Amino acid sequence: MILTEEQAERYSRHFVLREIGLSGQKRLLQSKVLVIGAGALGSSALMYLAAAGTGTLGIADYDRVELSNLQRQIIHTAENTGMLKTRSAELAVKARNPDVAVQLHSEKMTADNIQRVIAPYDIVLDCTDRFETKFLINDACVLSGKPYVHAGAVRFEGQLMTYVPGRGPCLRCLLGHVPPAEDTLACSQAGVLGAVTGVIGSLQALEAVKFLLGIGELLTGRVLTFDGLSLRTRVSAVFRANPDCGVCGQHPVIHSLSDNRNEYSEGYACAASAQEQTGE
């Protein structure tokens, strides 16, 4: 693969990084990343992955841009209000970097389609804000042997972890099941600061780049929690998968997504704080 003069200039700051260099940039240009959720977390993740020269970006979302999104979903603009978020995000990605091929998945992720959608990609980013969708993504990736980066943010807090098959616990190892609706908060009631989602979404992009290049230490077996008010960041060790986990444990009960379809149904509020999600 030979880079053009324009690419050589665009990625010049990567070339001087020993961990990336020319060979790493070529790997990025040949990589495929799926971002599920073109909202607050997805905005930052998509923009930094595009800027880094990710070869193919998949964007999955079925919602349309609303004025209330613009307080935190920086990939969208006021003039795109009413447009499908996938299309709005595509315009921003291509404006940032025409090198990037964009694949749009303007459909709701369900037990029937998600494994088909994630199949071509090297890694998946969970940028959604509902517990039932997060568990759907988790189970689909575990069953498909696909790495993914989980994240959530609300108020001034966020959390992050990376699942790599055979190298650490999945989200279900930590939480077991989708929390009951009465134990969660609606995003419109809890609120969220846009800058916090920007921090967490950027960290998701960083984890994806590290995975694609095989550099650094991933958040596998560890959960990062971030408090924007105090600017305290904590990394808690989890290390091993839960042997009793329903999808990746020693005696799993979820062998296909159809086995657990009811848990992925609508009705649960957005992901609550990091402490509430991890039980800390």
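For this structure, a couple of remarks:
- Single residue of the range 179-209 satisfying the filter (more than 13 Å from GLN159 (Cβ to Cβ) and among the hydroxyl-bearing types (Ser, Thr, Tyr)) that is modelled with the highest pLDDT: SER202
- Test: residue in the range 235-242 that is open to solvent by 60 Å² or more (accessible area, probe 1.4 Å), at pLDDT 95 or above and more than 18 Å from LEU46 (Cβ to Cβ): yes
- Boolean, GLY53 is on the phi > 0 side of the Ramachandran plot and modelled with pLDDT of 95 or more: yes
- Test result for ALA50, in contact with a Lys or Arg (Cβ under 7 Å, 6 or more places away or on another chain), surrounded by 18 or more Cβ atoms within 10 Å (Cβ to Cβ), under 29 Å from ARG155 (Cβ atoms) and not aromatic (Phe, Trp, Tyr): yes
- If only residues of the range 5-30 that are over 9 Å from GLY53 (Cβ atoms) and in contact (Cβ under 8 Å) with a residue 60 or more places away in the chain are counted, the one that is most open to solvent (accessible area, probe 1.4 Å) is ARG27.
To keep it simple, each residue is scored yes or no on (1) open to solvent by 10 Å² or more (accessible area, probe 1.4 Å); (2) within 30 Å of HIS255 (Cβ to Cβ).
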position	(1), (2)
VAL65	no, no
LEU70	yes, no
LYS108	yes, yes
LEU125	no, yes
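The values are calculated or read from the model by the stated rules, or taken from the named source; none is laboratory data. All values derive from a computational prediction rather than experimental measurement. In this analysis, Cβ positions are derived from the backbone assuming ideal geometry, glycine residues included, and neighbour counts consider all displayed protein chains. Please note that ligands, DNA and RNA were not included when accessible areas were found on the heavy atoms of the full protein model with its side chains. Shrake-Rupley method; radii C 1.70, N 1.55, O 1.52, S 1.80 Å.
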